[in-house]
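Visitor: Dropping the structure in here first, questions after.
The values are calculated or read from the model by the stated rules, or taken from the named source; none is laboratory data. Model, not experiment: these values are computed from the prediction. Note that each Cβ is placed from the backbone with ideal geometry, even for glycine, and that neighbours are counted across all protein chains shown.
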Amino acid sequence: MGMTMIEKVVSRNVGKAVKPGDIVTVSVDRVMLDDIMMPFIVDKFREMGFRDVWDPDKVVLIYDHLVPATQVDDTRHYHVSDDFADEQGLPHVHRSDGICHQLMTEAGYVKPGDVVFGTDSHTVTYGCVGAFSTGIGYTEMAGILGTGELWIRVPETIRININGTLPSNVTSKDIILTIIGKLRADGATYMALELAGDVVDGMSVASRMTIANMSVECGAKCCLFAPDEKTAEYCGVELTDELRELRADSDASYAMTLELRAEDFVPVVACPSQVDAVKPAAEAAGTRIDQVFIGSCTNGRLEDLMLAAEVLKGRKVAPYVKLIVTPASRKVYLEALRNGTIDILAKAGAMITHPSCGLCCGRAGGILSDGERVVATNNRNFLGRMGTSKVEIYLASPATAAESAVQGEIAWRKA
Amino acid sequence: MGKVFRFGKDVDTDQIIASQYLLYPTIDEMKAHTFESLDKGFSSRVNEGDFVVAAENFGCGSSREQAPAVLKALGVKAVIAKSFARIFFRNAINIGLPVIVCGELYDIVSDGDEIELDMDEGCIKTCGRDIACTKLPPKMQEILNQGGLIASLNREV
């Protein structure tokens, strides 16, 4: 019997063939620690009696949720993190370079076939380069920091094939929202997703990141894309036979297979306050909005900002709408400055903020109040996420968000 | 015996403990804000030994371990749901909060009902009935029996 991608990645790590349901202990290739969880990670690390991190080179510490500080308490997290980094001699610390999930692949910390854990649920993002990565709590992270290992259950896999030609106004965000709408918020719980087909082959790594990032919103443990030439180029590695071999076998066994026709996709939105409350943007059109947020580890990359700029070029944001644009990393920010994207966005009326988690985690500028509505390109529209519990959050692609900003109501780009 | 606090489906971690409270230095300072957007009085009404009962996908969303931690700190004896989100489930076991999968209980009990849980037998008693619930995999039950991952790792060392 052949193997799925996740079965291959885990088998490679543990040095023996595994199957779904097996409980195995993996050797961890990298971990990601973020600022918001650091004080708890450090406390637990000490409580467990560890003194030294198992391998400082495998640890990446990123300040992103609390950058720049908006409350006095935020700075405590920097100090605890700085002290731990000094004490342990951590070589990879990013204090203002961008969002953790963007930096982990962008800065080359994650390669195809790696096993990676992070203290944030969107750690699933790194499946975009064919790594097994998932989120864990701070106690388990403390355990890894001391031992370099974690036990996992090998998941079953849902295979999603997308073939054909996408309509010109559909993005990878519309694809993943549509998939979540079909599978529902718990449809892939404990399972791996594996995406394939012409549409996936034609996608940039950035677009694959958007899909992998949101896979956790249908409960998935991870979401893997087979490494190809684009992956190799993005990761700065050679596409060896070993990496090609990570692709699923043609006779692999799946818990479920979805065959989706590219032509059937349309621009969609996820309505308040469930990520799986997905409907065509056309059905929500005309809903008046107060704010638009374009950014986050889901959709804050160069292609996302350029898509928004394409929609906004020579136009103005509606007078009563605040448009907030947050690039996912400093690198993205600089590229968008150099190629004129930021110029277009700013002239249209956008407020450009420093790369960080920003409004997505409800801690930065742009907090909303009762009865206000926002169209946002991030991954969650949960109750109370961007302010009070009476704020309505609609999730959408950067194109839909930008068009809505101009119209002052939910609107979408025609094909 | 403990009282039931009943919640619906897809209860996410932002609803259990909102992100603005994650910056409080201790779980004890956070716990008063548990379920604030769903049931403002929860933290003052819940007593040691009570149960949270929910439908599908309890604890979906973020990886914040503070979500099971505030429930444990308030004295919740176990969360019994039709199903759990993956990270919440692991986090709960790791801090020693029992998470019990039970398809039937949610549709039978109301808010405030008294129930009794026997984890060894995989059984819940309520309204004169015995309801079967799923037992944990041995690896997880072992961590839970030892009081969580820290106690378990300390024992291995």
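Visitor: Only one residue in B:Lys31, B:Lys3 is in contact with a strand residue (DSSP E or B) (Cβ under 7 Å, 6 or more places away or on another chain) and more than 9 Å from chain A (Cβ to nearest Cβ), so which one is that?
Guide: When all the criteria are applied, what remains is B:Lys3.
Visitor: Still on this model: Consider only pairs whose beta carbons are under 8 Å apart and that are at least six residues apart or on different chains; among these, list those whose first residue lies in region A:57-69 and is touching a residue at least 60 places away in the same chain (Cβ under 8 Å) and whose second residue is of a type in the set (Ser, Thr, Tyr).
Guide: Pairs that qualify, where the first residue is touching a residue at least 60 places away in the same chain (Cβ under 8 Å) and the partner is of a type in the set (Ser, Thr, Tyr), are A:Asp64/A:Ser356; A:His65/A:Ser356; A:Leu66/A:Tyr78; A:Val67/A:Ser96; A:Val67/A:Ser356; A:Pro68/A:Ser96; A:Pro68/A:Ser356.
Visitor: Residues in region B:39-48: is at least one within 12 Å of another protein chain (Cβ to nearest Cβ) and surrounded by 24 or more Cβ atoms within 10 Å (Cβ to Cβ)?
Guide: No, region B:39-48 contains no residue that is within 12 Å of another protein chain (Cβ to nearest Cβ) and surrounded by 24 or more Cβ atoms within 10 Å (Cβ to Cβ).
Visitor: Quick check on this structure: which one of B:Lys77, B:Lys72, B:Lys82 is more than 13 Å from every other protein chain (Cβ to nearest Cβ) and surrounded by fewer than 24 Cβ atoms within 10 Å (Cβ to Cβ)?
Guide: It is B:Lys77.
Visitor: Give region A:12-23 a look and list any residue that's within 14 Å of A:Glu156 (Cα to Cα), out of contact with any Ser or Thr (no Cβ under 7 Å at 6 or more places or on another chain) and modelled with pLDDT of 95 or more, or say none.
Guide: A:Lys19, A:Pro20
Visitor: Within 19 Å of B:Val76 (Cβ to Cβ), of a type in the set (Gly, Ala, Ser) and at pLDDT 95 or above - does that describe any residue in region B:111-127?
Guide: Yes, there is a match, as at least one residue in region B:111-127 is within 19 Å of B:Val76 (Cβ to Cβ), of a type in the set (Gly, Ala, Ser) and at pLDDT 95 or above.
Visitor: Let me ask another. If the requirement is being farther than 22 Å from A:Val116 by Cα, away from every other protein chain (no Cβ under 14 Å) and buried (at least 24 other Cβ atoms within 10 Å of the Cβ), which of these qualifies: A:Leu224, A:Leu177?
Guide: Sole residue among the options that is farther than 22 Å from A:Val116 by Cα, away from every other protein chain (no Cβ under 14 Å) and buried (at least 24 other Cβ atoms within 10 Å of the Cβ): A:Leu177.
Visitor: Oh, and also: Please note which helices (runs of 4 or more DSSP H) are completely contained in region A:169-261 and include at least 2 residues that are closer than 22 Å to A:Ser296 by Cβ and either touching a strand residue (DSSP E or B) at 6+ places or on another chain (Cβ under 8 Å) or at pLDDT below 95 (or both).
Guide: Correct list: A:172-183, A:205-214.
Visitor: Let me ask something else about it. Scan region A:119-141 residue by residue and report those that are within 8 Å of chain B (Cβ to nearest Cβ) and in a helix (DSSP H, G or I).
Guide: Selection gives A:Ser121, A:Thr123, A:Tyr138, A:Thr139, A:Glu140.
Visitor: Would you check which residues across region A:180-221 are polar (S, T, N, Q) and away from chain B (no Cβ under 14 Å) and list them?
Guide: A:Ser204, A:Ser207, A:Thr210
Visitor: Mind listing whichever residues of region A:153-168 are closer than 23 Å to A:Gly219 by Cβ and either away from chain B (no Cβ under 11 Å) or modelled with pLDDT of 95 or more (or both)?
Guide: Listed by number, the residues that qualify are A:Val154, A:Pro155, A:Glu156, A:Thr157, A:Ile158, A:Arg159, A:Ile160, A:Asn161, A:Ile162.
Visitor: Test of understanding: among A:Ile62, A:Ile6, which residue is under 26 Å from A:Leu193 (Cβ atoms) and in the same structural domain as A:Val110 (by TED's automatic domain parsing)?
Guide: A:Ile62
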